[in-house]
Each structure stands twice: as C-alpha cells, then as structure tokens.
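Here's the structure we're looking at; comments come further down.
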Amino acid sequence: MFGAEVLELSSGWFLENAWLTGLIPVLGFAVILFFGKKLPMKGAEVGLASMAASLVVAVGAAVQWMQRTNSAESSGEEAVSLVQAFGRSLPGVAEGAEAEPFITPVATTWVWWQNSGLEFGIGSSVDGLAVLILALVAFIALLVMVFSVDYVRDDRRYTHFFAAITLFAGGMLIMVMAENMVQIILGWEIMGLTSFMLIGHWWEEEANSRAALKAFFTVRVGDVGLLVGTAIIFFGANQWAVDNLDSNGFNIAAIQAWALSGEANTQLLLWGAVALFIACIGKSGQFPLHTWLPDAMAGPTPVSSLLHSSTMVVAGVFLVARIYPVFWEAFNIGTGGLSFIAIIGAITIVIAALLAFVQDDIKKVLAYSTVSQLGYMMLGLGTGAWLPAVFHIFTHAFFKCALFLCAGSVSHSGSHHSFDMKKDMGGLRKKMPVTFAAWCVSTLALTGVFPFAGFWSKDEIIDNVGNNGYTFLMWVGLFGAALTAMYMTRATYLTFFGEPRGAAAGDHGHDDHHLAHAEEHELAHAGVARSLSAGANVKSGVEGSASDEPHGGHGGSAADDGDAHQDGPHESGKLILIPIVILAFFAIFAGFANPTPLASRFGEGVELIKKYVEPRSTPVVAEEFLASGPGESIVLVDGVAYAPSVSPAAEGGEAGAEKSGCGFTAPEAGTVCFFPGVSHAEPTFAKILLSLAVVAVGYALAIGFCVLFYGRRDPRLVGLTERNKALRGGFLFLKNKYYLDHLYENVIVHAVAHPIAKTAYWINQHVLDATVDGVGTSTRRAGEWVYDNIDQKLVDGAVNGSGWAASEAGHAMQPTQSGKVSQYGALLFGAATVGAIVLVLVNVS
Amino acid sequence: MLAVNFLLLGAALFAIGVYGVIARRNAVMVLMSIELILNAVSLNLVAFSLMTGAVDGQVFALYVIAIAAAEVGVGLAMVLMIYRNRKTIALDELSEMKG
C-alpha cells in the first residue's frame, strides 16, 4: 500500500562493515596476549593500531550515516507529495507539514545460533546513536592508550595492561553496535570482566584486589537485572515481533516497535523496564549501587579515565537510550509520569556531589563527579530529555577523560605517584602549566560555564527537565550544578594553588607512607572514625591505601620523564600531554556539535546531534521490515514510508496537552514506531542566565571558602566540624559515604551470608555428609559380599575350571603328537576318509 | 564310460600315493608319493571337466601342476637341509615336533 513511497537511502562500506570496529580490538587483544611480549613495544603498538583502525571505521561510518540522513532529506518532499496524492489521511499533521523520514539502521549480522524460528545474530546495527558512541569510544580509547604508553611504562604487566584495555574498549564497541539483546549482554559482560582485570591490575596489594572484587560483584548484582529484564522483554515481545515484523523478541528494533505498538502487556513492560534499569544502576554507578565506582580508582589512572568517560559506566546510560521506548512506555515518561529513572538520577546527582566534598584523593573527587554527571544523564532520560542526555554522554566523555588524565599527569610528574590532594599536592600550577590549563578548561566544561562543552549539554538537560513539567527535578539539577562548581573549585585549589605540600614540595620521605596508610585503613575499618578536621595536615581518607599506585610500577626510565624523583614536580612528557591537550580542545569545542540556544539565531542546521543522532518518531510500514529468509538475519531494508509525526508546532507543548504520534498514540495498523516523539525545550535567555548565575554563585562561594579555609586558615572555619555537633555529624556521615559500604558489607552481607553459611554447614555435616557416609559404607559392604561370593567363587571358579578342562584335554590328546610325519599323514588321510564317507552318506540319503 | 575309467585310475593312483606317504621312510619317496596324489587329483579334475563339458577343471589342473612343481621344489630343499644337518633322510628318526 505504501509501495510507491519507498525511496532509496544511501549506504556505504563503512556503515555495512561497522562490525569491524568491534572485531578489530578483540583480535588485537588476542594478538597482544599471544605475541605481545615479543614485539618491540611490548604489545602497545598492536593496541594503538587496532584502536586507530576502529576509529577510522567508526568515523567513516559516522560520515556515511550523515550522508544517509541527507539522502533521505533530499527526497523527502517528493515522498510527502506522494502520500498526499494517495489521499491518505495523516493524523495530527497539518497540510504540507515537514515530514522527517525514519532513517532505518544499517544492519549486518551473522547468525550463529538458530532454533525453532529463534535466531541470535552477531554483527552491527548502525544508527545515529551507535555511530556517535562508536566514534567517541574509539577516539577516547586511542588517546588513553597513547597516554598509557608513557604512564605505565616499565610496569610489570605492561603487555597484559594493553591487552585488557584493548578488549575493554572492544567490549564497549560490541555492545554499542548490538542489533539484539544477546550481543548487548556479550559486550556488557566483556566490560565487566576486563574492568575487573584492570581495576585489579596491581593485585599484589590487597586493597586493589578488594576494589576489583567489589566492582565486579556490585556490577554483577545489577547484571542479574539485565538477564531477568531481557528474559521478561523477550517473553513479552516475541510473539508480537514474530507476527508483525517477522523478527524475534531479542531484536532491539523489534523491542522498540513492540513497546510503542500500544499492544504491549503493561505489566511485562513495567517489570522488564525495572529489571533492565537495575542493571543500569549497577553498571552506571547510580544510587544505591554507586559504591564500587570510587573504589575502582585502585586501577591505573588511564583505566579510571577510560572507565569513567566513555566505556563501562556509560554502558548503562547507553542501554536506556538504546531501548528508550521500553522505558518511555513503562514509566509513562511521555505523559509526565514521575519515573523511577528520574528519581534515581536526581538522588544520584546530589548525594554523589556531596560526597565529592570530603574526598582527599583527587581521583575520588573525579569519580564522585562522574557518578553525579551520570545522574544528570539518567535524569534527562527519565524525564524525556533523550537528546540532551545522549549529548551529555558525548561532551562529558571529553572533559572527564581530560580531568582524569590531568590527575594522572599530576601524580606521574608532580606528586610522586600520590593522589592525595592534601598531603602531596598544592601550588602545582607554575610547575605544570599545561596540565593546569587543561584542568581548568575541563573544569569549566564540567561545571557548565559558557561556552565550554558542558554548558551546551548539561544546561540542555536541566532546561528540558523543567520544560517537560518536572520543576522540582529542575531545581535539583541546578543545585547539583552549583555543587559541581564548588567541589571542583576545592579540588582545583588544593591541587594547583596554595603552598606545595608533601611530594609536591619535593619531599619524598615516603618510606613509611604505606605503613601510615595501612594503619589508617585499619582504624577506619575498626569503626574508629576519627573526627578529623579538614585541616591541611589531615591524613588521607578512609581508603587511602587503595589510591596509592605502587612506586615501583612505573619508575621514571622514560627519557622525557627525566629524574622525577630528584627534581621534584615538573611538567609531564609529550606522550602524556598530547592526549590531554587534544581532549581539552574538545572540552572547549565539543559543545558546538549541538548548540541548541544558537539554533534560533543560526537555524536548526547547527544542531548536528539532533539532526543526525536522534531517531525520527515517524511510523514505518511494518512490511518494509523484512526478514531475508532462514540463515540470514532480519535486515531493515532501505525503504522508508511516510506517515509524518506531529508537526514541530505541536511539539514542546506543556505536559498534559493533547499529543499524538509515536509514543503517545498507538501507530496505525500496519505501521510501527521505533522512537517516541520526544519534545525539545525552547531555550530562553532567562533560563540560560539562571543556570549560569547558579554556577557563578557556586564558584564564588567555593573560592571564598577555599581562600579563607585552606589559604588563610581562618580560625572561625578551621575545626568547625569539631566544634559544631550537627556539622560534625554531617561530615562523618559523608566521610563514611552514607554508611552504605557498612550497610552492604556488615549488615546485608553479614545478615545474608552468615545464616546461610551456617545452615549450609549444618546441612553439609548432617545431611550431605551422612548421606555420603551411608552410601559409602553400604557400597563397601556390598563390594565385600560381591568379592567373597561372586568374584571368588563364581568368576574365579569358571576361569579355573576352563583352564583345568583345557589342560586335561591337552594331556589326553598328547599321544597323537608323536612327531612322526608318517603318523601325521595317516591321521590326515584317515580324517579325510571319514569326511569323505560323511559327505557321501549325506548326499546319497 | 570313458570318464569313469579316468576316475578309477585317479582313485588307484591316489591310493598308491597315500600308501607311499604313510609307509615309506625315505623322505624323497614320500615326496614322490605326494606327486602321485597330486597327479591323481589333476586327472580327476580333467575327468570331471570331460563329464560336464566345462573348461574350468582343465584350468584347475594346470594350476595344480604349477603348485606341484613349487611344492616339490620346497620339499626337496627341506630334505637337502635335513640331510646336511643329520646325515639322514629317514622320516621316523625326525621327531622334533613331538608334543
């Protein structure tokens, strides 16, 4: 019925072979593992080359995706006129409204398992979201690897480090390009495993291996949700997908279409969405499973950088964005429902930002900052602000990666491998000017100062949250933005301003360093939470020893590293600075990929992410969604039909207004939707000023506090937490991370594990062992009886008897063996005669 | 009945051969007796061929002659070796194979 309107979308080699981006790092991992140690750069070159190759393919795919989108634009008007010529009534569309065709993803899959109509493919399904994240991950991973070449030089497991980090990036790429849920689980689990390997890279220290285990197990708690959610969604969607799309319930496009079809079982949808979101809570470090992320700082800094910017933690946000229709429908996001996702996101923003204030470890400040920023992304997704949330993934990756690499640079060259801001840093801005500049740029981007990258994405989230009717959550977001400005100011001040302390002052008296840390570790765990004032002589935090990288790990043998340990703080080498500078550059300019506030002035063409990444909420004719026959996967054909969605004028209305189109009303029979019609806020000057003012207030407060407190040591402030009970309680509450770790380790694990262990031991002793013993005893008795009666008498008797019979027969026959040839001949002929007689008798009678 | 005569001659030769194998002590004589038996068999085969009109029996007779030549060659070689070792070819003195 829509056949005439099918038009050709351009494709290309890179789009169809985007699966290479995932395959290359996996192969690179194998090559490094098997041959890495024999190569001149110990395997690092393989990692770099594979990531560069992935980046080339990903960027090629991104360019071709933009061409594909443009190819639809150019022939769009023709198609609309065809629709009108066919006289089909289009709901909710004014005459001549602009029709934005749904751009079908380019899927290339190889089916590896097939049974009773259900098939699992592996390969790539590329759309705007996928190419954006693919290129981002490959780019960030490449820069982090360049950084690592110098940073982990001479590490005892250098080759394994590169193998694992290559596979880590590969896991994320595999997940991003997934066409079905099974591949998402595959990539997800690869990341879980490799993050365990990388966090525990220096496993000789117990704190590091504990952190690795904690990360692994905490994420596993969420992973159960992924498996359960995938199963629930499969059982909900499978029959619908088979009937309507000739697909199955694991196919992501089919799941999207099912969720928006209006025929989905709301209970299955709700519980599936809840289970999947629990997986995202674990992976993306949302409250209350965020506790593993700061501990993951035990890994080498490049790992933290990659893990916190573009891989692993973004995976949860990506999963929500990928199957967004499921969450949209399950939590009624379209009609202004207060969703689980938004609540968790909002809580995470605030609690993580508060925790960042009491950290002395520079990497832990950044870690809590990441948790907080992930909260923004979740808040955006939970309130219908899909585009700003995805855009925030993009911009956040650059500046957060830059911040972590700056922290690594400081530790590498400025503070003698320490990450303790209060003990070993301070006053580094003159010694490390490049690092300082990059840090400042990234901090401004993180806090959302115009015109740095974070401004364009974070303020968009806050703006859209308010626009979609969640006023309270908007204020939470603004509050979080102010907190962000404050804790980043504190970290910047402690690291780069003030008087140099400890290692930053050239003091390397670190021989008893670990001892002190270990002692403190013990104290903290024994519950002796010391009422430490936040003074400059405060020792490190609760888990200080987890953050210290082993000194022998990367001694300064690099030529550009110089004699770090004799000369005191100095700027890092080129291999470390170049990635930082590139990332800082993007931290300034990445925001211009989608500067929504500029759209009213320069036209919508400047919103590149909106144009190319956000899927169009246009219904597609189900028949165009064809299966290519057994043995091949479902391929979305390059055909597009038009039944245009709501006109732009109807978008962006206040919540509760009449809305129609995908995500609000069920699509017409025979058509399916793949993405809900999300609304976009119109940026206004007043809102921009408000958010900038909030950030400015945050900065002003924090700078004032830092100068008074850390700089001049104002007696009214120093020791305040000791004098004021309420403040002290709050400080301890934060210092102990809301006691969540105590809750998990001492209460939940204790309560669950101990009775279970005791019961299991009792059952083991009294039931299992008794059974095993009983079985063993009776078996032995039975064996003895069998030996005595059957083996000895029957079997041996038969054997001996046959031997005896043979022996006797032999003796009886012995005389015939005379050795006389003539006698033998006589016997022979006698026998022949007898035989002849028998023959004759038989034949005659 | 020409064929019956041949068969009777064959049987007579066979019986003489059997007597020779069993009764003679000299190994060469035993071998000669075996030749008699084989010739009797050949004669029988040709006679049967004559009776049935098929050529198969005559072909078999040719094979038997060839085998007889080989057997006599091997047999005489063994006799020669026995003579070299024992300076006698009397079979009743050879009882190495007594069980």
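The values are calculated or read from the model by the stated rules, or taken from the named source; none is laboratory data. From a predicted model like this one, the values you see are computed outputs, not experimental measurements. Glycine also receives a Cβ, built like all others from the backbone with ideal geometry; neighbour counts cover every protein chain displayed.
Checking each residue in segment B:65-99 for being within 14 Å of chain A (Cβ to nearest Cβ) and part of a loop (DSSP other than H, G, I, E, B) picks out B:Thr88, B:Ile89, B:Leu94, B:Ser95, B:Glu96, B:Met97, B:Lys98, B:Gly99.
A:Ser125 satisfies every condition listed in (1) modelled with pLDDT under 85; (2) in a helix (DSSP H, G or I); (3) closer than 26 Å to A:Asn17 by Cα except (2).
Here is a yes/no grid of residues against (1) within 30 Å of A:Asp741 (Cβ to Cβ); (2) surrounded by 24 or more Cβ atoms within 10 Å (Cβ to Cβ):
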| residue | (1), (2) |
| --- | --- |
| A:Trp258 | no, yes |
| A:Leu268 | no, no |
| A:Ser284 | yes, yes |
| A:Thr311 | yes, yes |
| A:Val317 | yes, yes |
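Residue-by-condition table, conditions (1) under 26 Å from A:Phe235 (Cβ atoms); (2) touching a Lys or Arg at 6+ places or on another chain (Cβ under 9 Å):
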{"position": "A:Pro294", "(1), (2)": "no, yes"}
{"position": "A:Thr301", "(1), (2)": "no, yes"}
{"position": "A:Ser304", "(1), (2)": "no, yes"}
{"position": "A:His308", "(1), (2)": "no, yes"}
{"position": "A:Thr311", "(1), (2)": "no, no"}
{"position": "A:Ala315", "(1), (2)": "yes, yes"}
{"position": "A:Leu319", "(1), (2)": "yes, yes"}
{"position": "A:Val326", "(1), (2)": "yes, no"}
{"position": "A:Phe331", "(1), (2)": "yes, no"}
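Within segment A:314-347, which residues are touching a residue at least 12 places away in the same chain (Cβ under 8 Å) and of a type in the set (Gly, Ala, Ser)?
A:Ala315, A:Gly316, A:Ala321, A:Ala330, A:Gly334, A:Gly336, A:Ser339, A:Ala342, A:Gly345, A:Ala346
Taking residues in segment A:131-156 that are at positive phi, and partners anywhere that are of a type in the set (A, V, I, L, M), not one pair has Cβ atoms closer than 6 Å while being at least 6 places apart or on different chains. Residues in segment A:361-372 include none that are touching a Lys or Arg at 6+ places or on another chain (Cβ under 6 Å), at pLDDT below 85 and part of a helix (DSSP H, G or I).
Given the criteria assigned to a helix (DSSP H, G or I) and closer than 25 Å to B:Tyr83 by Cα, does B:Val18 qualify? The answer is yes for B:Val18.
So that you can scan it fast, the table gives a plain yes or no per residue for (1) modelled with pLDDT under 75; (2) part of a helix (DSSP H, G or I); (3) not hydrophobic (A, V, I, L, M, F, W, C):
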{"residue": "A:Glu668", "(1), (2), (3)": "yes, no, yes"}
{"residue": "A:His680", "(1), (2), (3)": "no, no, yes"}
{"residue": "A:Leu689", "(1), (2), (3)": "no, yes, no"}
{"residue": "A:Val694", "(1), (2), (3)": "no, yes, no"}
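Of all the helices (runs of 4 or more DSSP H) wholly in segment A:747-845, which have at least 3 residues that are within 14 Å of chain B (Cβ to nearest Cβ) and surrounded by 11 or more Cβ atoms within 10 Å (Cβ to Cβ)? It would help to see each step written out before you state the result.
Details: elements: A:749-762, A:769-785, A:796-813, A:821-844.
Per the criteria, A:821-844.
Residues in segment A:675-693 that are surrounded by 18 or more Cβ atoms within 10 Å (Cβ to Cβ) and farther than 13 Å from A:Ala385 by Cβ: how many? Break it down into steps so the answer makes sense when it comes.
Of segment A:675-693, the ones surrounded by 18 or more Cβ atoms within 10 Å (Cβ to Cβ) are A:675-681, A:683, A:687, A:691.
Still in the list and also farther than 13 Å from A:Ala385 by Cβ: A:675, A:677, A:687, A:691.
Qualifying residue count for the region: 4.
For first residues located in segment A:33-56 and over 30 Å from A:Leu132 (Cα atoms), partners that are modelled with pLDDT under 85 and acidic (Asp, Glu) and lie 6+ apart or on another chain with Cβ distances below 8 Å form the pairs A:Leu39/A:Glu45.
Does segment B:51-59 contain any residue that is part of a helix (DSSP H, G or I), more than 14 Å from every other protein chain (Cβ to nearest Cβ) and among the acidic types (Asp, Glu)?
The first filter runs over segment B:51-59 and keeps only residues part of a helix (DSSP H, G or I), leaving B:51-52, B:56-59.
Keeping just the survivors that are more than 14 Å from every other protein chain (Cβ to nearest Cβ) gives B:51-52, B:56-59.
So of that shortlist, the ones also among the acidic types (Asp, Glu) come out as B:56.
Yes, there is a match, as at least one residue in segment B:51-59 is part of a helix (DSSP H, G or I), more than 14 Å from every other protein chain (Cβ to nearest Cβ) and among the acidic types (Asp, Glu).
Need pairs with beta-carbon distance below 7 Å; first residue more than 20 Å from B:Leu45 (Cβ to Cβ) and at the interface with chain A (Cβ under 10 Å from one of its Cβ atoms) and within segment B:10-33, second among the β-branched types (Val, Ile, Thr) and not in a helix (DSSP H, G or I); sequence gap 6+ or separate chains. From segment B:10-33, the pairs are B:Ala27/B:Ile89. Are any of the residues in segment A:132-151 in a helix (DSSP H, G or I), over 27 Å from A:Ala44 (Cβ atoms) and modelled with pLDDT of 85 or more? Yes, segment A:132-151 contains a residue that is in a helix (DSSP H, G or I), over 27 Å from A:Ala44 (Cβ atoms) and modelled with pLDDT of 85 or more.
Hey, which of the helices (runs of 4 or more DSSP H) in segment A:226-313, taking only ones fully inside, have at least 3 residues that are over 26 Å from A:Gly677 (Cβ atoms) and hydrophobic (A, V, I, L, M, F, W, C)? Don't jump to the end; show me each part of the working.
On the way: elements: A:252-260, A:266-283, A:292-295, A:301-309.
Because the criterion is at least 3 residues that are over 26 Å from A:Gly677 (Cβ atoms) and hydrophobic (A, V, I, L, M, F, W, C), the helices (runs of 4 or more DSSP H) in segment A:226-313 that meet it are A:266-283, A:301-309.
Checking each residue in segment A:812-831 for being of a type in the set (Ser, Thr, Tyr) and over 16 Å from B:Asn26 (Cβ atoms) picks out A:Thr816, A:Ser818, A:Tyr824. Looking at segment A:417-433, is at least one residue within 22 Å of A:Ser304 (Cα to Cα), buried (at least 24 other Cβ atoms within 10 Å of the Cβ), within 29 Å of the chain's Cα centre (by Cα) and charged (D, E, K, R)? Yes, the conditions are met somewhere in segment A:417-433.
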